[in-house]
Each structure stands twice: as structure tokens, then as C-alpha cells.
Amino acid sequence: MTNEVAIAMRDFFVGSIQHDVKTTMNVLRAVPDDPTKWAYRPDPKARNAWDLAWHLAGVDVHFCEGVPNLSFADMANEGSFLKQHEPKSIAAMVSWYEKEMARVLGRVSAMSAAQLATPVQFFMYNQPAVEYLAFVKSHSIHHRGELATYLRPMGSKCPSIYGPSADENPFA
């Protein structure tokens with residue numbers, strides 16, 4: 001990987017993830033800040049709404065942190081990371097997510113081309129660190145969409161994600 005490619009990939013993914021952070025925050029904010037609704041799950045095999053929202057926010061930050069750390073070794077401790085930082089409300093979750101994603105994306109933006117191109121082991125993958133930003137983006141998209149399907153059954157409205165939502169745009 002050339003220095004130019006590493007920097008271009010970083011800049012593309014950081015900008016794209018920063019845009020997605022705003023969208024994710026809108027979906028998280030749409031989760032009713034009512035603990036009686038957090039147990040909602042569409043199927044017994046599904047996570048409940050609270051666990052899914054916290055997984056989305058917490059793992060986005062935790063996984064993204066592996067890029068500037070040049071290591072995903074602490075991903076095995078995901079459960080303890082999530083317990084250590086778990087908020088008490090949706091509002092606190094959104095605030096934490098916004099602050100922590102800005103912090104960690106700042107760390108990623110400060111990485112040199114050589115750091116970005118450093119191969120990093122993650123399970124069966126051994127890719128340049130910068131390529132894992134695609135994993136962060138995919139993780140967020142996947143779980144944000146999953147959480148969005150919970151909103152209406154919980155009595156909330158689905159915000160715009162990649163285009164108008166029928167809940168926000170009567171012409172959609």
C-alpha cells in the first residue's frame with residue numbers, strides 16, 4: 001500500500017464515518033428513553049433494544065480504537081469494555097458516543113501513512129490498519145438498520161437514515 005493510498009483511504013473513511021455518526025445518533029435518540037421499553041425484542045434470539053443500542057454505540061468506539069492502537073487484542077474484552085462505560089440513559093449514550101467517536105476519529109486522523117499501512121491481525125484477517133475502518137462503517141450500518149426496525153414497534157418514529165423516512169416526510 002502506498003502512502004498516498006493509505007492517506008486517501010483514511011480521509012475517505014473518516015469523513016464517511018463522521019457523517020454516519022450523526023445518523024447513528026439520530027437513530028439512538030429515537031429509542032424511547034424509557035427503561036420499560038428497552039426490553040423490546042422482535043424475536044427471542046434478538047438482542048433487546050437497550051443491548052442493541054449499546055452494542056452499536058460501544059462497539060463502534062471500541063473497534064475503531066483498534067485502528068490507532070494497531071491492535072485488536074482487547075476486542076476479546078468487549079464485554080468488560082461495554083460494562084465499564086455503560087450509560088444509564090439513551091441521552092447519556094448519545095452524548096458518550098458523540099464524544100468518544102470524535103476522540104477516536106481524531107486519533108485515526110493523526111496517524112501517519114506508515115501506521116495506516118501497518119498490517120494488523122484481527123481473527124483470520126491481517127490487513128493494513130486503515131482497511132479496518134471499513135469494518136467500523138459496516139458494523140454501524142448493520143446494527144443501525146437493525147435498531148431502526150425496533151423503533152416503530154416501541155412506539156417511536158424512524159428518523160431519516162439514507163433518505164427520507166415516512167415518519168419524517170409525509171411524501172415519502
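The values are calculated or read from the model by the stated rules, or taken from the named source; none is laboratory data. Every value quoted in this text rests on a predicted model; they were computed, and no experiment measured them. Cβ: placed from backbone, ideal geometry, glycine included. Neighbour counts: every protein chain shown.
Take the residues in the range 121-147 that are among the small types (Gly, Ala, Ser) and in contact with a Ser or Thr (Cβ under 9 Å, 6 or more places away or on another chain); name whichever of them is nearest to MET101 (Cα to Cα).
SER140
Within the range 132-172, how many residues turn out to be under 16 Å from the mean Cα position of the chain (by Cα) and charged (D, E, K, R)?
Summing the residues that are under 16 Å from the mean Cα position of the chain (by Cα) and charged (D, E, K, R) in the range 132-172 gives 3.
Answer with yes or no whether PHE81 is closer than 16 Å to HIS142 by Cβ, of a type in the set (Phe, Trp, Tyr) and out of contact with any Phe, Trp or Tyr (no Cβ under 6 Å at 6 or more places or on another chain).
Criteria not met by PHE81.
Restricting to the range 101-116, give me the number of residues that are among the β-branched types (Val, Ile, Thr) and free of Cβ contacts under 8 Å to residues at least 60 places away in the same chain.
1
Can you tell me which condition ALA148 does not meet? The list is (1) closer than 13 Å to PHE13 by Cβ; (2) in contact with a Cys (Cβ under 8 Å, 6 or more places away or on another chain), and all the others hold.
Unmet for ALA148, out of (1) closer than 13 Å to PHE13 by Cβ; (2) in contact with a Cys (Cβ under 8 Å, 6 or more places away or on another chain): (1).
Mind checking which residues of the range 117-172 are in contact (Cβ under 8 Å) with a residue 24 or more places away in the chain, hydroxyl-bearing (Ser, Thr, Tyr) and assigned to a helix (DSSP H, G or I)?
TYR132, SER140, THR149, TYR150
Considering each of GLN127, GLN115, GLN84 in turn, give the residue that is more than 30 Å from LYS45 (Cβ to Cβ), surrounded by fewer than 17 Cβ atoms within 10 Å (Cβ to Cβ) and more than 14 Å from the chain's Cα centre (by Cα).
GLN127
Quick check on ASP51: is it exposed (fewer than 13 other Cβ atoms within 10 Å of the Cβ), modelled with pLDDT of 95 or more and among the acidic types (Asp, Glu)?
no
Scanning for something of a type in the set (A, V, I, L, M, F, W, C), assigned to a loop (DSSP other than H, G, I, E, B) and farther than 23 Å from LEU52 by Cβ, does the range 62-79 turn up at least one residue?
Yes, the range 62-79 contains a residue that is of a type in the set (A, V, I, L, M, F, W, C), assigned to a loop (DSSP other than H, G, I, E, B) and farther than 23 Å from LEU52 by Cβ.
Does VAL14 satisfy the criteria of being in contact with a Ser or Thr (Cβ under 6 Å, 6 or more places away or on another chain), among the β-branched types (Val, Ile, Thr) and outside any loop (DSSP other than H, G, I, E, B)?
yes
Taking MET75, is it surrounded by 15 or more Cβ atoms within 10 Å (Cβ to Cβ), in contact with a Gly (Cβ under 8 Å, 6 or more places away or on another chain) and either of a type in the set (Lys, Arg) or in contact (Cβ under 8 Å) with a residue 12 or more places away in the chain (or both)?
When the stated conditions are applied, MET75 passes them.
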